Amino acid sequence: MGALGGMRRNVEVKARLRAREEALRAALRLQGLGSVCPVCPGAGQGAPQVCPGAGQVLLQTDTFFRVPRGRLKLRRTQDGRGELIFYERPDSAGPKLSKFSITPTADPEGLQAVLSQSLGVLGTVRKERLLFLLGQTRLHLDRVQGLGDFLELEVVLRPEQSEEDGQRVALELLQEFGIGEQDLISGAYLDLLLAQGDNGDTP
């Protein structure tokens with residue numbers, strides 16, 4: 001998602017998924033893998049038509065903290081490591097510019113304790129993420145606890161590219177996935193949880 005030091009840029013968009021299976025098929029097709037995952041046992045011999053094997057499976061827990069601007073979250077992964085992520089982006093539907101910085105930590109539990117005491121916790125988002133790399137775009141198929149299935153695109157902008165360049169890439173991919181304006185969402189997953197009275201604190 002980014003490098004250490006300084007703010008990086010990408011263009012992001014989130015959408016609700018009506019059919020995760022269809023989104024998986026589209027992701028495999030865009031990777032040039034056809035409709036069958038080549039890494040599954042028995043692929044091409046009666047194996048399931050689609051599976052997450054061609055993407056990277058990530059289990060992520062994001063804890064959001066109270067800050068005066070932007071968003072600050074600590075991401076913990078299944079390998080015990082963590083990343084502290086600060087980002088700023090508009091809370092609007094459709095592809096939008098996100099500015100962010102990331103720093104890793106080998107002690108996410110200790111860092112969370114300090115940040116919780118000093119800043120306060122807004123809430124927690126738990127998700128299973130399937131990550132696909134499509135050129136300069138990170139495609140996430142997210143299954144979010146308490147919310148359901150979503151698609152997220154992160155078009156990582158090169159230094160010479162503008163926000164408009166990233167928006168064009170994102171819109172083309174949305175069309176590939178059959179995502180319409182009615183499926184787009186604004187804000188973060190935490191906003192959706194809070195809107196339904198859930199701060200995600202219950203595992």
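The table that follows gives values for the structure above.
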{"quantity": "Sole residue being farther than 17 Å from G55 by Cα and without any contact (Cβ under 8 Å) to a residue 40 or more places away in the chain, chosen from G123, G94, G110", "calculated": "G110"}
{"quantity": "Scope segment 174-203; condition in contact with a helix residue (DSSP H, G or I) (Cβ under 8 Å, 6 or more places away or on another chain) and either polar (S, T, N, Q) or in a helix (DSSP H, G or I) (or both); matching residues", "calculated": "E176, N199"}
{"quantity": "Segment 150-173, residues that are assigned to a strand (DSSP E or B) and surrounded by fewer than 16 Cβ atoms within 10 Å (Cβ to Cβ)", "calculated": "none"}
{"quantity": "Count of residues meeting criterion [surrounded by 19 or more Cβ atoms within 10 Å (Cβ to Cβ), over 30 Å from Q31 (Cβ atoms) and touching a helix residue (DSSP H, G or I) at 6+ places or on another chain (Cβ under 9 Å)] in segment 106-131", "calculated": "3"}
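A short reminder: the numbers here are calculations on the coordinates, not readings from a lab. Quick caveat: nothing in here was measured; it's all calculated off a predicted structure. Counting neighbours? That spans all protein chains shown, and the Cβs are built from the backbone with ideal geometry, glycine included.
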